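**Q** Got a structure here, written out as structure tokens. Questions coming.
Every number in this text was worked out from the coordinates using simple rules, so none of it is lab data. Everything quoted here is computed from the prediction, not taken from an experiment. Virtual Cβ from ideal backbone geometry, glycine too; neighbours counted across all protein chains shown.
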Amino acid sequence: MGTKRPTKTTKSGRYMNPTDQARKEARRKELKKNKKQRMAVRQAVLKGKDPLVLVKLVDCILSNLIFPNGFMKQKCRYFRARFM
């Protein structure tokens, strides 16, 4: 009768099967690894693009938008100053 209760519980408070615990942990690690890989791919794609073309595209998109308040205009000015 000296069995030890598992420490992990589900959202409903029930104790998890050790196999399910291992599977959940492996999935969490895989998602973390995939996140790093996705970020690296995004950065590689952005390095290959011309920043001036991207800025012109953003300007074109922003010129078609109507700004209800000054917040978005301030954001646009900030990004232009930072990346130009």
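**Q** Mind listing P(r) for the range 8-48? All alpha-carbon pairs, 10 Å bins, whole percents.
**A** 26, 30, 21, 15, 7
**Q** Output the pairs from LYS11/LYS36; LYS32/LYS56; LYS29/LYS49; LYS33/LYS73; LYS8/LYS29 with a Cα-Cα distance over 25 Å in this structure; if there are none, say none.
**A** Over 25 Å apart, Cα to Cα: LYS11/LYS36; LYS32/LYS56; LYS29/LYS49; LYS33/LYS73.
**Q** Calculate, for MET16 and ARG42, the FRET efficiency according to 1/(1 + (r/R0)^6) with r their C-beta to C-beta distance and R0 35 Å; round to the nearest 0.05.
**A** 0.55
**Q** Which FRET efficiency value, to the nearest 0.05, do you get for ALA26 and PHE79 by plugging their Cβ-Cβ distance into 1/(1 + (r/R0)^6) with R0 = 35 Å?
**A** Once rounded, the FRET efficiency stands at 0.35.
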